[in-house]
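**Student:** Take this structure first; my questions come after.
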Amino acid sequence: MGKRSVIPYGPQHPVLPEPVHIDLVVEDERVIEAIPSIGFIHRGLESLVEKRDFNQMTYVAERTCGICSFQHGMGYCEAVEHIMGVEVPDRAKFLRTLWAETSRMHSHLLWLGLLADGFGFENLFYQCWRVREKVLDIQEMTAGGRLIFSVNKIGGVLKDIPQDQLNFILKTMDEVEAELAVIKDTFFEDYSVKARLKGVGVLTAEQINALGAVGPFARASGVNVDMRKLGYAAYPHIDFEPITSTDGDCYARCYVRMMEVFQSIDIIRQVIAKMPAETDLAVAVKGNPNGEYFMRVEQPRGEAFYYVKGNGTPNLERMRIRTPTFANVPGLCEMLKNTELADIGLLILTIDPCISCTER
Amino acid sequence: MAIMKFAPQALRNLFLKPVTTTYPAEPYVYPERSRGHIEISIDDCISCGMCVRACPCGTLSVDRNAGTWSIDRMDCIACGLCVEKCPKKCLTMVPGYQTPGGEKKVDVFQKSPEVMAAEEAKRKEAAEKAKAAAAAKAAAAAAAKAAEGQETPAQ
Amino acid sequence: MAEVIHPEDVLEQIEVGDLLRRALELKKAGFRFSQAHAVYVAKESKYELSYSFSDYSTYQLHSLRVVIDLDTVVPSITEIIPAAVFYENEMKELFGVKIEMISTDLDNKLYRIAVEAPFGPKKEEA
């Protein structure tokens, strides 16, 4: 038995995009236990319900996260719409799906770039982010913001995407698909990438089940769970199957996210093909929400959980956001056990941590 | 075993033009819908205050008597809710982001004197009308009371 | 057309004393722990705690709802479900719910906030 010591990891570390602090109990170079602590950037967004009415909260919910912002706004709106019994126009549902998928694409491309940077493949990192830029251009063109969309409202969406922009999106999707093919081959087949990712940080489906992990992190271990199957927005009209892998290691997580980018391209094409003709984009909403609803949406990082409770006044009684990273932290700690100290940065990255939205 | 899988792409990149631009030497063209900042055509504004109540971050203020509309640009999150709520559609979201600055400053927009004068006249007219209406009502009430008073002793 | 799997959500009202037993039963039934949160109902001055469990394959959401007075002590479920540790610490810190025997009790230091129980009952101004 070697000498045990404790190494503090984070909150400021070159490989971590966001502040999370982990105390690593190490024995020589091997990690025995990992104790996480969060709470460096708690903003108290949820308590804003006391001061903002339920329409304004859409924009607050959206700013929970800078990366999956659209899906936060969508999840919140769908929860309130459920409570108020509002049926959103079909075209608005399809537009929501389209934006949700572009944000999934850019989030995964961002993560793939960070992962490449994490294992020291800087050139690949630049390539991923170059492709991501095209997706961001679509978002800026259609919604007006590169990351923060602000197009959701209770009862529908605010902006329509005209046909010429839809054609541009289709064209961009073809370009992105062609460019991603090269990146995909590198991620899946390159010797050095494989050496860094294969067999590192393995979690089995049983462990995932016990720890309640969600999203690509769970799917990489063979758990077939994808909240898009719940049929919110226009997903009932879209043909897709969740992408899973059975290996449960870093390579599998990389595989799942990479293939999900291609799946998103496919879903965007289906959405544009099935988009209903131009109609109203939103229905008028009268009254205040009174009731409660549990809403689950699939974000790039996994299942996000919204609990909205209204009491008949413009101010909600409670809005609870449980972000996917919050559910994945116990899985992360389990995964870090019995790994090499040098892999820690990479392993933390593979759950795609988003700490600011975790702490809200 | 695939070694140097990325080499062809990397070599190609050596001879490609850079994908980045030399901003700010070469200005960036924002798309039409870009949510940069809020502009107001102040003379169309009716100072109703809908935007103030809608704003999620409390950055707007309206002074009806002074005829001003002001925005703290540093607090604005460019969500566009005020643009949507404005009944006269005098608010617009235009491209061009707020430039950084050393201190917070509030942009104040003042209605032109002609509009102010017209509004003042309208308000006076409305006030007079209201006065007249109130007087008429009072007279009617007095008349009714008088009529009632006449009737009461008769009973 | 993709198949939609969305079974009706279950919301089960239980007493504080039944919490551990029901949590254990749901765990044994193969549910995973999804989330837990608290609501402070100002009108009745009570806490509503919800513990949500869901199933990976059927997407069934099963929530346990416990309504308690402000000073009721709630046992922690972390011994049964280790993943609940952050949720319970959050309830304790933000709402002031009295939860005892959390496996890793962070002692109101999860979010490092200066105010005590900001989401809970408003303190009378002295």
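Laboratory data are not the source of any read-out in this text; all were calculated from the coordinates shown. Here the structure is a predicted model, which is why all the values come from computation and not from measurement. With ideal geometry, Cβ positions are generated from the backbone for all residues, glycine too; neighbour counts draw on all protein chains shown.
**Student:** Being within 8 Å of chain A (Cβ to nearest Cβ) and without any contact (Cβ under 8 Å) to a residue 40 or more places away in the chain is the filter here, so list the residues in the range C:37-46 that pass it.
**Tutor:** Those that are within 8 Å of chain A (Cβ to nearest Cβ) and without any contact (Cβ under 8 Å) to a residue 40 or more places away in the chain: C:V39, C:V41, C:K43.
**Student:** Continuing with this model, one more query. How many residues does the range A:318-335 contain that are surrounded by 23 or more Cβ atoms within 10 Å (Cβ to Cβ), among the hydrophobic types (A, V, I, L, M, F, W, C) and farther than 30 Å from C:V41 by Cβ?
**Tutor:** Residues meeting the conditions: 2.
**Student:** Any residue that is touching a Lys or Arg at 6+ places or on another chain (Cβ under 8 Å) and either within 8 Å of another protein chain (Cβ to nearest Cβ) or basic (K, R) (or both) - is there at least one of those in the range C:19-32? Walk me through how you get there before you give the answer.
**Tutor:** Pass one, the range C:19-32, residues touching a Lys or Arg at 6+ places or on another chain (Cβ under 8 Å): none.
Within the range C:19-32, none of the residues are touching a Lys or Arg at 6+ places or on another chain (Cβ under 8 Å) and either within 8 Å of another protein chain (Cβ to nearest Cβ) or basic (K, R) (or both).
**Student:** Part of a helix (DSSP H, G or I) and of a type outside the set (A, V, I, L, M), is that true of A:R146?
**Tutor:** On the way: part of a helix (DSSP H, G or I): no; of a type outside the set (A, V, I, L, M): yes.
When the stated conditions are applied, A:R146 does not pass them.
This table checks each residue for (1) buried (at least 19 other Cβ atoms within 10 Å of the Cβ); (2) facing another protein chain (nearest Cβ under 8 Å); (3) touching a His at 6+ places or on another chain (Cβ under 9 Å); (4) basic (K, R).
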site	(1), (2), (3), (4)
C:Q35	yes, yes, no, no
C:H62	yes, no, no, no
C:R65	no, no, no, yes
C:D69	no, no, no, no
C:I77	yes, no, no, no
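**Student:** Follow-up. Out of C:K109, C:K98, report the one residue that is surrounded by fewer than 19 Cβ atoms within 10 Å (Cβ to Cβ) and within 10 Å of another protein chain (Cβ to nearest Cβ).
**Tutor:** On the way: C:K98 fails: within 10 Å of another protein chain (Cβ to nearest Cβ).
Residue meeting the stated conditions: C:K109.
**Student:** Could you list, in sequence order, the residues of the range B:78-131 that are farther than 24 Å from B:R64 by Cα, surrounded by 10 or more Cβ atoms within 10 Å (Cβ to Cβ) and small (G, A, S)?
**Tutor:** B:G96
**Student:** Restricting attention to the range A:58-81, which residues are outside any helix (DSSP H, G or I) and in contact with a strand residue (DSSP E or B) (Cβ under 7 Å, 6 or more places away or on another chain)? Quick ask: steps written out before the conclusion?
**Tutor:** Kept after step one, since they are outside any helix (DSSP H, G or I), are these residues of the range A:58-81: A:63-68.
Listed by number, the residues that qualify are A:T64, A:C68.
**Student:** Anything in the range A:323-360 that is assigned to a loop (DSSP other than H, G, I, E, B) and touching a Leu at 6+ places or on another chain (Cβ under 8 Å)? List them, or say none. Spell out how you get there, then give the answer.
**Tutor:** In the first step, residues of the range A:323-360 are kept if they are assigned to a loop (DSSP other than H, G, I, E, B); the result is A:323, A:337-339, A:351-354, A:360.
Once the filter is applied, which keeps residues that are assigned to a loop (DSSP other than H, G, I, E, B) and touching a Leu at 6+ places or on another chain (Cβ under 8 Å), the range A:323-360 yields A:T339, A:I351, A:P353, A:R360.
**Student:** Could you say whether any residue in the range A:82-97 is under 28 Å from A:M258 (Cα atoms), assigned to a helix (DSSP H, G or I), more than 13 Å from the chain's Cα centre (by Cα) and without any contact (Cβ under 8 Å) to a residue 24 or more places away in the chain?
**Tutor:** No: the range A:82-97 contains no residue that is under 28 Å from A:M258 (Cα atoms), assigned to a helix (DSSP H, G or I), more than 13 Å from the chain's Cα centre (by Cα) and without any contact (Cβ under 8 Å) to a residue 24 or more places away in the chain.
**Student:** Six or more apart or on different chains, Cβ under 7 Å: which pairs go from a residue in the range A:139-150 that's closer than 16 Å to A:N167 by Cα and at the interface with chain B (Cβ under 9 Å from one of its Cβ atoms) to one that's among the hydrophobic types (A, V, I, L, M, F, W, C) and surrounded by 22 or more Cβ atoms within 10 Å (Cβ to Cβ)? Could you list them?
**Tutor:** A:T142/A:I161; A:A143/A:W99; A:A143/A:F149; A:A143/A:V151
**Student:** Moving on to the next point. For the range B:37-52, indicate whether the set of residues that are within 12 Å of another protein chain (Cβ to nearest Cβ) and either in a loop (DSSP other than H, G, I, E, B) or acidic (D, E) (or both) is non-empty.
**Tutor:** Looking for residues that are within 12 Å of another protein chain (Cβ to nearest Cβ) and either in a loop (DSSP other than H, G, I, E, B) or acidic (D, E) (or both), one finds none in the range B:37-52, hence no.
**Student:** Suppose we keep only residues that are over 30 Å from A:G231 (Cβ atoms) and more than 7 Å from chain A (Cβ to nearest Cβ) within the range C:79-88. Which one would you say is nearest to the chain's Cα centre (by Cα)?
**Tutor:** As a first pass, look at the range C:79-88 and keep what is over 30 Å from A:G231 (Cβ atoms): C:79-80, C:82, C:85, C:88.
Applying the additional criterion that residues be more than 7 Å from chain A (Cβ to nearest Cβ) yields C:79-80, C:85, C:88.
Values: C:E79: 14, C:I80: 13, C:V85: 10, C:E88: 6 Å.
Here the residue is C:E88.
**Student:** Just checking, how many residues over the range A:78-136 are among the hydroxyl-bearing types (S, T, Y) and over 30 Å from B:L16 (Cα atoms)? So that I can check it myself, show each step before the final result.
**Tutor:** Keep residues of the range A:78-136 that are among the hydroxyl-bearing types (S, T, Y), which gives A:97, A:102-103, A:107, A:126.
Keeping just the survivors that are over 30 Å from B:L16 (Cα atoms) gives A:97.
Count: 1.
**Student:** In a strand (DSSP E or B), under 26 Å from A:P330 (Cα atoms) and either within 10 Å of chain A (Cβ to nearest Cβ) or free of Cβ contacts under 8 Å to residues at least 40 places away in the same chain (or both): is that true of C:S52 in this structure? Please lay out each step first, then the result.
**Tutor:** Details: in a strand (DSSP E or B): yes; under 26 Å from A:P330 (Cα atoms): yes; either within 10 Å of chain A (Cβ to nearest Cβ) or free of Cβ contacts under 8 Å to residues at least 40 places away in the same chain (or both): yes.
It is true that C:S52 is in a strand (DSSP E or B), under 26 Å from A:P330 (Cα atoms) and either within 10 Å of chain A (Cβ to nearest Cβ) or free of Cβ contacts under 8 Å to residues at least 40 places away in the same chain (or both).
**Student:** Of these, B:P8, B:P31, B:P18, which one is within 14 Å of chain A (Cβ to nearest Cβ) and either touching a helix residue (DSSP H, G or I) at 6+ places or on another chain (Cβ under 6 Å) or assigned to a strand (DSSP E or B) (or both)?
**Tutor:** B:P31
**Student:** Against the definition (over 21 Å from the mean Cα position of the chain (by Cα) and of a type outside the set (V, I, T)), how does A:K159 come out, yes or no? So that I can check it myself, show each step before the final result.
**Tutor:** On the way: over 21 Å from the mean Cα position of the chain (by Cα): yes; of a type outside the set (V, I, T): yes.
For A:K159, the condition - over 21 Å from the mean Cα position of the chain (by Cα) and of a type outside the set (V, I, T) - is met.
**Student:** Return the residues of the range B:90-129 that are touching a residue at least 40 places away in the same chain (Cβ under 8 Å) and part of a loop (DSSP other than H, G, I, E, B); say none if nothing qualifies.
**Tutor:** Of everything in the range B:90-129, those that are touching a residue at least 40 places away in the same chain (Cβ under 8 Å) and part of a loop (DSSP other than H, G, I, E, B) turn out to be B:C90, B:P95, B:G96, B:Y97, B:Q98, B:K111, B:S112.
**Student:** If you don't mind, another one. Anything in the range A:226-245 that is more than 7 Å from chain C (Cβ to nearest Cβ) and either acidic (D, E) or in contact with a Cys (Cβ under 7 Å, 6 or more places away or on another chain) (or both)? List them, or say none.
**Tutor:** So the first thing to find is which residues in the range A:226-245 are more than 7 Å from chain C (Cβ to nearest Cβ), and the list is A:226-228, A:232-234, A:241-245.
Scanning the range A:226-245 gives A:D226, A:E241.
**Student:** Every residue in the range C:79-88 that is part of a loop (DSSP other than H, G, I, E, B) and surrounded by fewer than 21 Cβ atoms within 10 Å (Cβ to Cβ), please.
**Tutor:** First, the residues of the range C:79-88 that are part of a loop (DSSP other than H, G, I, E, B): C:79-81.
Within the range C:79-88, C:E79, C:I80 qualify.
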